[in-house]
Amino acid sequence: MTPTGETVPTRADGRVVVLISGAGSNLAALVQAQRDEGYAARVVAVVTDNPAAGGLEHARKAGIATAVVAPSDFSDRAAWDAALAATVTAFHPDLVVCAGFMRILGGPFLERWGGRTINTHPALLPSFPGAHGVRDALAYGVRVTGCTVHVVDAGVDTGPIIAQGTVEVRDDDDEASLHERIKVVERALLVEWVGRLAHAGWSVSGRLVRVGR
Ligand code: GRF
């Protein structure tokens with residue numbers, strides 16, 4: 001685990017492993033961004049807990065390595081966590097990005113990759129953490145919601161915040177329409193900040209994330 005406050009060193013070609021569980025539109029945005037030679041991050045592998053994740057196809061089409069680490073193949077949670085950490089480690093990333101990865105990362109994973117793992121969440125944290133952030137924000141009646149890119153810690157969407165984007169809620173929104181508009185902002189935010197982190201490195205001091213040295 002990277003000690004709090006230490007600036008994470010970066011390579012010129014920041015290696016990124018992306019963890020997904022579903023459609024992978026955030027992954028697709030990262031893959032699209034790296035077509036630009038000037039983009040500092042390179043997705044070197046996509047790892048999933050879900051063998052049926054639609055996003056695997058984005059990776060295969062782009063010639064990016066994929067791996068499945070399904071919880072059902074392991075006797076318990078800790079064994080799955082350890083296998084996930086080992087799988088990610090084999091790809092030697094500088095940064096791990098959870099992009100629609102719908103599982104909590106436990107001790108064995110965070111001991112190895114804590115401080116270098118970020119997540120994107122479709123609400124303005126600390127409001128509406130968890131698996132139903134869009135639905136919960138809508139049900140609460142907020143007029144503005146959005147998305148948050150944050151460092152992953154042991155809690156549920158509780159880690160230090162890197163960046164946020166806002167989206168206005170419309171009177172006629174349902175969960176699907178609001179989530180679609182959030183995802184437009186979310187993809188751009190994720191691409192921008194993964195690029196910045198890969199380019200400049202970062203440090204975490206308490207709840208403050210500083211990009212660059
Ligand atoms: C994103 O909104 C992510 O924040 C949430 O689920 C969605 C995943 O979208 N956890 P995709 O799989 O990247 O299309």
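The values are calculated or read from the model by the stated rules, or taken from the named source; none is laboratory data. As the structure is a computational prediction, the values presented were derived from the model and not from experiment. A quick note on method: Cβ atoms are made from the backbone with ideal geometry, for glycine too, and the neighbour counts reach across all protein chains shown. Ligands, DNA and RNA are stripped out before the accessible areas are found, and what is left, the full protein with its side chains, is counted by its heavy atoms. Shrake-Rupley method; radii C 1.70, N 1.55, O 1.52, S 1.80 Å.
With a cut-off of 12 Å between beta carbons, the residues surrounding Thr66 carry a summed charge of +1, where Lys and Arg count +1 and Asp and Glu -1. Overall, the stretch 30-78 carries a charge dipole of about 140 debye about its Cα centre when +1 sits on the Cβ of Lys and Arg and -1 on the Cβ of Asp and Glu, all other atoms neutral. Atom-type composition of the exposed protein surface of the stretch 161-208 places 50 percent of the accessible area on carbon and sulfur (1.4 angstrom probe). Kindly provide the pair-distance distribution of the stretch 109-151 built from C-alpha pairs, with 10 Å bins from 0 and whole-percent values in order of increasing distance. With a bin width of 10 Å, the distribution comes to 29, 42, 21, 7.
Within the listed set His150, His179, His121, the residue fluctuating most in the Gaussian network model of the chain (springs between alpha-carbon atoms under 10 angstrom) is His179. Ordering Ala99, Trp193, Val69 by the projection of their Cα atoms onto the charge dipole of the chain, which places +1 on the Cβ of Lys and Arg and -1 on the Cβ of Asp and Glu, puts Trp193 at the extreme positive end.
Here the alpha carbons of the stretch 39-85 define both size measures, Rg and Dmax, at 12.4, 40 Å.
Computed over the alpha-carbon atoms, the stretch 143-213 gives an Rg to Rh ratio of 1.05, Rh here being the Kirkwood radius from the mean inverse distance. Each other residue within a Cβ distance under 13 Å of Glu192 adds +1 if Lys or Arg and -1 if Asp or Glu, for a net charge of 0. The separation of the stretch 179-213 from the stretch 100-160, counted between C-alpha centres, amounts to 13 Å. Rg ratio for the chain: its Cα radius of gyration over 2.2 N^0.38 Å, N being its residue count, equals 0.97. Rg ratio for the stretch 94-213: its Cα radius of gyration over 2.2 N^0.38 Å, N being its residue count, equals 1.06.
Heavy-atom accessible surface of the stretch 1-119, averaged per residue, reaches 43 Å², computed with a 1.4 Å probe.
The charge dipole of the stretch 1-101, taken about its Cα centre with unit charges on the Cβ atoms of Lys, Arg (+1), Asp and Glu (-1) only, comes to about 240 debye.
As a check on your grasp of the helix formula, calculate [θ] at 222 nm for the chain: sum -39500 (n - 2.57) over DSSP H runs of n ≥ 4, divide by the residue count, round to the nearest 500. Mean residue ellipticity at 222 nm (helix-derived): -10000 deg cm²/dmol. The radius of gyration of the Cα set in the stretch 15-105, together with its Dmax, comes out at 12.7, 44 angstrom. Using a cut-off of 10 Å between beta-carbons, work out the net charge of the residues near Ile104 (Lys and Arg +1, Asp and Glu -1, Ile104 not included). For residues surrounding Ile104, the net value is 0. Think of each Lys and Arg Cβ as +1 and each Asp and Glu Cβ as -1; about the Cα centre, that makes the dipole of the chain roughly 620 debye. When both bridge partners sit in the chain, DSSP labels roughly 45% of those beta bridges antiparallel.
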